[in-house]
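S.K.: Encoded as structure tokens, here's the structure I'll be asking about.
The values are calculated or read from the model by the stated rules, or taken from the named source; none is laboratory data. As the structure is a computational prediction, the values presented were derived from the model and not from experiment. Positions of Cβ are backbone-derived with ideal geometry, glycine not excepted, and every protein chain shown enters the neighbour counts.
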Amino acid sequence: MKNDNKSDQPAKESTTEEATGIVDPKITRRTFLKGSAAVSAGAMAPMYLAGISKSFAAKSGAVKIGHIEDLSGNLAVYGVQKDHAAQLAVSEINAGLTLKGGPVGSGGLGAMSNHATSAPVMGNGDKDLKVVDDGGKLSASGMAFVEDEDVLVDSGESGILGREVELLNTDGQSNNNIWQQLTKKLIQEDKVDCLVAGFTSAEREAIRPIVDQFKQLYIYTNQYEGGVADSNTFCTGAICEQQVIPVVDYMIQKFGPRVYTIAADYNFGQLTAAWTRAFAPQVGGEIIGEEFVPLSVSDFTTSIAKVQAAKPDWVFTLLVGSNQSNYYPQAAATGLKYPMASTVNMAQGYEHRRFKAPSLNRMYNCVNYIEEVPTARNRAFVKRWYKMFPDDPYIGQMAQNTYFSIHMYAKAARIAGTTDQEEVKRALESGLHIEAPEGTVFMEPSTHHCSHYIRLATADADHNVSFVREWPSIQPWWLQRLGVNLVKHKEYKQYIPDEDPFFKS
Amino acid sequence: MTSKILHLIGGDADIGTSKTFWIGFVIAVILFALYPTQVSEFRASNVSYYLLNIPLALGMALLWGYCGVLSFGHVAYFGIAGYTYGIIAGNMAGNSFGPIAGVLGGLLASALVAGIFAYFVFYSRVREWIIPILTLVLTLLLETFLGQTAGYQWRVGSVLLGGYNGMTGIPAFQIGSFVFMGYSFYYFCMVIVLACYVGLRMLLNSKFGQVVTAIREDPLRTEIFGYDIRARQWLVFVLSALLAAISGLLYVQWGNYITPSQVGLLSAALPVIWAAVGGRTSLLAVLIATIVLNWVTFTLSSQGNQYAMVIIGAALVITMLFFPRGIVIMLAEWIGKVTNRKNSGAAT
Amino acid sequence: METDALALSLTYQFGTNAAFLFLAALGLIVILGMMNIINLAHGELMMMGAYVATITHNQLGLPFPLAVIVSFFAVAVFGAILELLIVRRFYGRELGALVVTWGISLILGQGTLLVFGPFMPAIKIPGGSYSYGGFSYSAYWLILIAISIALIAGLYWLYRYTNYGLQARATMQNAEMAKALGVPTNRVYLLTFSLGAGLAGLSGALLAPTSTIAPFMGQQFVAPAFITVVVGGAANVISGAVGSSVLLSAIKTPIGMAYGAFLGTVALLIASLIIIRIMPDGISAAIQKLMDRRRTRKTK
């Protein structure tokens, strides 16, 4: 990656005058971390930072959060949801509210990164790999864990560090060039304290070089193919190891080993298919057919016939975009009755609400969030959302990610005691957890990715959603396996499965 | 000699031949040159984005406005040049000659593809109205191909094509150890745009340019006069592809990044629209329209306005309804008329 | 797998692919093929048809066939208004029309998003499915194939045997001459554009159940539509469009089945380039030449 150490750029040095509070924030944070060292994630009492940061409220002026999403054009369906999520989160922060959570510290999930060069997990660099466990036992109520009813609590201040939060939301118009221009504007002209942006991987890759050039703190909230190891970027969406393996494992146990993959012919589809190819044999499966469909294709007659010719036990559909969701009604009308699994549908574009039943009958999907999540805290979140945006059609997975990510930023800034970006990045690397509507989310320091509460959701013949299995915390372990430790070594690249010997069959 | 060159530049192949115009032109160039000293690096970099699209738009004006051939797929050459530059310069990363080799390679690759394609089109005398669709199909083909090049098997040397996510980390342009970025890149773009404009104006004022215009007016008659119109159309097509390639090169040097959507349907329509709105029969009009339309699009989107696309669409419809030959051309003619009337009024 | 089952399935796929191309191109056959208007709002006209069908069927409870007919008329009326207000001024200025229709498509697409939101509830695909030898067939696609054939026959009749058809053909061939002979060319243009828009709406409505109903759904049809019409050529737009959708489907189907959707798409694009290179005037001109030759041979 270039540009990241160009000396002629106005790199944002950590300015000490911002930390003119009574106590040096660095010291406070370290002592704080030590204090919580023995506390582990599961058993931890909610630790929100009410009041702690008041003494650091030194700098005046609003805290600026830059936000780019597609409010018009083809991708607006997702962008508008995420924009509303950002508005909701900012209004809550300004109203003095915060989500529960705080630093877990050493001894918590993934906190080894503060001490080890590369995180010691999952047999590094060889072909030997353990696959995830089968999740927790369901309780009588269908829940693996009992959770807090309400996770939104008083933060003890309005805004962040006593400063109001200002949301600069812009419209990327589903156009990569405009994304680049807007990123430059938000960073160079508006000097935002935090940038939250990005739906497609193409958009993220378009702006990441700019982010790195200016060492901008950047949060990417989308689910994606995984592999971004970037010191300035924090990825809060779910990735392949958290979604693909659980669902493939479940489907093979439940329906049989013969898998047919039909995927969008671009990065996300190809890489997710590569994960499936590599992991299906680990859990006794076999890929009997694979087809990649260009994004422009919207007539699936031939693809459907190919699935029928292959006679699989179930079909793994990794189709993206509104053209490609045509596959579901067309397959249903042709009488294709195979069970289906996916990692993208339902939770993003609410296909189960849009398509007439039973197009998505027996569709299984591993999600970190879906509006139907049956917990009290989620119902409270959904209620708050529709109070603010009564006309919205659905709250998708990415919208929830954006929502908790902005709250997480606020928390990190309070820990850092400043909005200085390098300090906030360090705070985000402190082993932070937050009680999101989905459940507990943990920002894993060494990879800048989150552990998620993953649920296997399924739609029935009437498109009612139910949950058949859940995994309260799946780690983003793939980058750790590759030896990535961003706390110790700065990196600015995206890994792809070809770089892991495990994927070379 | 000098007077001949001046004549070539000042000739009437483009709007603006009067002394007043040239004074205005020089003032405009000076203002553009002074602009970066007054604004932040971000603003300058943003305006360089408007500027770097101009060669592509001028290529459209040359091919469509002056030669009468519409290509709906010139972004293909934009993309080919950008990708080729990325591959060559990326593989030679660290070598200060990498970017220059990349530029040469990009231009060559675009010219080659355009040359072969144009040979098929013009030497088989394809019907005029089919050319836009043929060019569009070519660029869609390129987009479909590039879109599925994620993964390691699509690696050229050490550079990944990157599929739909695009090619990242493309080196900026440099000569020796001087890297063109921010303010310096702005001046780099400005010089190239100026060179393209003046060069094209000279070309179109030359005899070659007059023949090209004659082909637009009446291909049959021109051919009967003994001119090989196919060779000239071919040459103009390749030239305009080279101009598109220049934009493509500047684009990847500006953003260090390119994706297949850059050669997709939405991008393909843009240069056609810039040319049509400004007035495709004038280089300067197209140039101005390119800057203004890019500026409007960006300004609307930076305000997070959902109506941006509606406003742009309405502007296009209104422009074409009331300024059918292009808004800049018709405004220029109106200004010309007003000043003429004043002058003649003063004389009597 | 039995060979006859595979052969039947390939035939079915061939039919649906051809019907898809033909339906996508339907409105454009008239507007681009006959009137020479490069209508970049074609996709949005199809989208309007789909929206009208969805609203009348899902919200007003009209039976689906009736909803399709309503969409035809609704979009035809919209097309007429468009012609009167805007397109009228762009005859003979194809490239101005191109920019204007692009502007219209932006307004319609984003406008629909602002008014109706990102998605509409889908229409259930009518009819069930049949299966034979491991493959199954959608009844609705079989109906669509039949409707395509009926539409071809209807269009042929309209342009061959009606007064309007005669006037339209005369106007498109030589508007000045037609006008001199008393053909109300303005009205012919209005009717033709409105018919083209209506047909786009009709096929949008017909394809709506197989598709996501969204503001930008039209974009998926634009490229196949333009390719089909151009490969078909202008000599006789109806036979051209039929010929090109059949030929392109015959290339795309077997390659798609054997090598996957990506190469199927690539084959379609390359085939269209080659066809235009061999037959610069499109398939319809080649067909006409063939028929002329046969006729002259007969008379000899």
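S.K.: Mind listing whichever residues of region C:125-149 are of a type in the set (V, I, T) and either more than 10 Å from chain A (Cβ to nearest Cβ) or not in a loop (DSSP other than H, G, I, E, B) (or both)?
M.R.: The answer is C:I143, C:I145, C:I147, C:I149.
S.K.: Oh, and also: How many of the residues making up region A:209-218 are out of contact with any Leu (no Cβ under 9 Å at 6 or more places or on another chain) and touching a residue at least 60 places away in the same chain (Cβ under 8 Å)?
M.R.: Number satisfying all stated conditions: 5.
S.K.: Let me ask something else. Taking the criterion of being surrounded by 17 or more Cβ atoms within 10 Å (Cβ to Cβ), under 30 Å from A:S303 (Cα atoms) and within 13 Å of another protein chain (Cβ to nearest Cβ), would at least one residue in region C:285-300 satisfy it?
M.R.: No, region C:285-300 has no match at all.
S.K.: Among the residues of region B:35-52, is there at least one that is aliphatic (A, V, I, L, M) and over 30 Å from A:K191 (Cα atoms)?
M.R.: no
S.K.: When A:R362 is evaluated against the numbered criteria (1) surrounded by 23 or more Cβ atoms within 10 Å (Cβ to Cβ); (2) more than 13 Å from chain C (Cβ to nearest Cβ), which criterion, by number, is the only one it fails?
M.R.: It fails just one condition, (1).
S.K.: If we keep just the residues of region A:272-310 that are more than 7 Å from chain C (Cβ to nearest Cβ) and in a loop (DSSP other than H, G, I, E, B), which is modelled with the lowest pLDDT?
M.R.: A:L295
S.K.: Can C:L85 be described as within 13 Å of chain B (Cβ to nearest Cβ), surrounded by fewer than 19 Cβ atoms within 10 Å (Cβ to Cβ) and either touching a Gly at 6+ places or on another chain (Cβ under 7 Å) or over 30 Å from A:R354 (Cα atoms) (or both)?
M.R.: yes
S.K.: Please work out which residue is surrounded by the most Cβ atoms within 10 Å (Cβ to Cβ), limiting yourself to region C:187-198 and to residues that are touching a helix residue (DSSP H, G or I) at 6+ places or on another chain (Cβ under 8 Å) and not aliphatic (A, V, I, L, M). Spell out the reasoning first.
M.R.: Step one: of region C:187-198, the residues touching a helix residue (DSSP H, G or I) at 6+ places or on another chain (Cβ under 8 Å) are C:188-198.
Next, only the ones that are not aliphatic (A, V, I, L, M) stay: C:189, C:192-194, C:196, C:198.
Details: C:Y189: 20, C:T192: 22, C:F193: 26, C:S194: 22, C:G196: 28, C:G198: 25.
That would be C:G196.
S.K.: Scanning region A:311-335 for residues that are assigned to a loop (DSSP other than H, G, I, E, B), in contact with a Ser or Thr (Cβ under 8 Å, 6 or more places away or on another chain) and surrounded by 21 or more Cβ atoms within 10 Å (Cβ to Cβ), which turns out farthest from the other protein chains (Cβ to nearest Cβ)?
M.R.: The extreme case among them is A:L319.
S.K.: Next question, about the same structure. Out of all the residues in region A:437-490, which are free of Cβ contacts under 8 Å to residues at least 40 places away in the same chain and among the basic types (K, R)?
M.R.: none
S.K.: So the check is Cβ under 6 Å with 6+ separation or different chains; which pairs have a first residue in region B:259-276 that's closer than 15 Å to B:L316 by Cα and a second one that's of a type in the set (S, T, Y) and assigned to a helix (DSSP H, G or I)?
M.R.: Note: pairs meeting the criteria are B:W274/B:T290.
S.K.: In the set A:R353, A:R377, which member is surrounded by fewer than 24 Cβ atoms within 10 Å (Cβ to Cβ), more than 9 Å from chain C (Cβ to nearest Cβ), of a type outside the set (D, E) and within 30 Å of A:T440 (Cβ to Cβ)?
M.R.: Details: A:R353 fails: more than 9 Å from chain C (Cβ to nearest Cβ).
The conditions single out A:R377.
S.K.: What is the residue count in region C:249-272 for residues that are under 12 Å from C:G282 (Cβ atoms) and either more than 8 Å from every other protein chain (Cβ to nearest Cβ) or among the basic types (K, R) (or both)? Talk me through it step by step, then tell me what you get.
M.R.: Step one: filter region C:249-272 for residues under 12 Å from C:G282 (Cβ atoms), giving C:272.
Narrowing further to those that are either more than 8 Å from every other protein chain (Cβ to nearest Cβ) or among the basic types (K, R) (or both): none.
Count: 0.
S.K.: Also: I'd like to check something: does region B:180-197 contain any residue that is within 14 Å of chain A (Cβ to nearest Cβ) and not in a helix (DSSP H, G or I)?
M.R.: Pass one, region B:180-197, residues within 14 Å of chain A (Cβ to nearest Cβ): B:180-186.
Those left that are additionally not in a helix (DSSP H, G or I): B:180-181.
The answer is yes; a qualifying residue exists.
S.K.: Okay, moving on. Residues of region C:27-49 being in contact with a Pro (Cβ under 9 Å, 6 or more places away or on another chain) and in a helix (DSSP H, G or I), which ones?
M.R.: C:E44, C:M47 - these are the residues of region C:27-49 that are in contact with a Pro (Cβ under 9 Å, 6 or more places away or on another chain) and in a helix (DSSP H, G or I).
S.K.: Do we have B:P99 as part of a helix (DSSP H, G or I), touching a helix residue (DSSP H, G or I) at 6+ places or on another chain (Cβ under 8 Å) and within 14 Å of chain A (Cβ to nearest Cβ) here? Walk me through how you get there before you give the answer.
M.R.: Numbers: part of a helix (DSSP H, G or I): yes; touching a helix residue (DSSP H, G or I) at 6+ places or on another chain (Cβ under 8 Å): yes; within 14 Å of chain A (Cβ to nearest Cβ): yes.
Yes, satisfied.
Results for (1) away from chain B (no Cβ under 14 Å); (2) part of a helix (DSSP H, G or I); (3) hydrophobic (A, V, I, L, M, F, W, C), shown as yes or no for each residue.
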position	(1), (2), (3)
C:G196	yes, yes, no
C:P215	no, no, no
C:F221	no, yes, yes
C:P224	no, yes, no
C:A234	no, no, yes
C:G240	no, yes, no
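S.K.: Please work out which residue is nearest to the chain's Cα centre (by Cα), limiting yourself to region B:268-284 and to residues that are away from chain C (no Cβ under 13 Å) and crowded, with 24+ Cβ neighbours inside 10 Å.
M.R.: We begin by selecting, within region B:268-284, every residue away from chain C (no Cβ under 13 Å); these are B:282-284.
Add one more test, that the residue is crowded, with 24+ Cβ neighbours inside 10 Å, and what stays is B:282-283.
Numbers: B:S282: 13, B:L283: 10 Å.
Out of the qualifying residues, it is B:L283.
S.K.: Among the residues of region C:164-171, is any under 16 Å from the mean Cα position of the chain (by Cα), surrounded by fewer than 20 Cβ atoms within 10 Å (Cβ to Cβ) and away from chain A (no Cβ under 14 Å)?
M.R.: Within region C:164-171, not a single residue is under 16 Å from the mean Cα position of the chain (by Cα), surrounded by fewer than 20 Cβ atoms within 10 Å (Cβ to Cβ) and away from chain A (no Cβ under 14 Å).
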